[in-house]
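Read-outs: derived from the displayed coordinates by stated rules, not from any lab. Predicted model only: the values in this text are computed from it and were never measured. For neighbour counting, all protein chains shown are included, and Cβ atoms are generated from backbone atoms with ideal geometry for every residue, glycine included.
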Amino acid sequence: MPEPSPSTSPTTFRVWIAGTIDAVWSEITRTDAPIAAFFNNRMDCRELAAGSRIAMRSPDGKWTGVVGEITEYDPPRRFAHTFRFTNMDDPECTVVYDLVEKDGGTEFTLTIEDLPAGTKTAKQMTQGGTMIVNTLKSTVETGRPSFGIRVLYGLFKVLAPLSPKRCRSENWPLDGEWPAAPKN
């Protein structure tokens, strides 16, 4: 098990979206279809409520890329959950989504807290934050992600069978044991 890493200060990504707060909220909390901004994964959970486990799964449900637990659920203003990549042994961090009605649209802020410094998770999260906010903006404003993102998601689908066996969804049940995550 790797040694705990010090955490970085919170990392924040912000974007203004020409859409209602309800439209943005609906997009980031949907459980009935893939969420374009979340790398086209489908959020799987028993209930959208603090204390519930979540898993971000491939559209077909075969692969799980992220697991966590909802820590805050305050519609349509704030949604927060712990976050751990299933293919890495890094400590978890916390992801917070804040929505504020502003200037005829919605200000969306993605904050990553307790990010373990110097880890693969930290690198992936800081690279992915800009893509998440930009894809959310495009999806809410136009009804779909940009062409480049759609091509990337097509590539993800083709490469999914090459995912590590530890990422298979049967290894990450919503009820039951998950492999232990290292602590910060």
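Note on Val158, Val15, Val96: ascending count of other Cβ atoms within 10 Å places them as Val158, Val96, Val15, the fewest first. With contacts taken as Cα pairs under 8 Å at a separation of at least 6 residues, the chain carries a relative contact order of 29 percent. Loop-located GluC sites (Glu not before Pro) in region 3-97 (DSSP state other than H, G, I, E, B) with a sparse environment of at most 14 neighbouring Cβ atoms within 10 Å: Glu47.
In deg cm²/dmol, rounded to 500, what helix-only [θ] at 222 nm does the chain give when every DSSP H run of at least 4 residues adds -39500 (n - 2.57) and the total is split over its residues?
Numbers: 3 runs with 45 residues, N = 184.
Estimated from H runs of four or more residues: -8000 deg cm²/dmol.
Each residue in Phe108, Phe13 was given a count of other beta-carbon atoms within 10 angstrom of its own, and listing them fewest first yields Phe13, Phe108. Label region 11-159 by shape, choosing from rounded, prolate and oblate, from the square roots a ≥ b ≥ c of the eigenvalues of the Cα gyration tensor; if a/c is under 1.5 it is rounded, and otherwise prolate applies when a/b is larger than b/c, oblate when it is not. Judged from the Cα gyration tensor, region 11-159 comes out rounded (a/c under 1.5).
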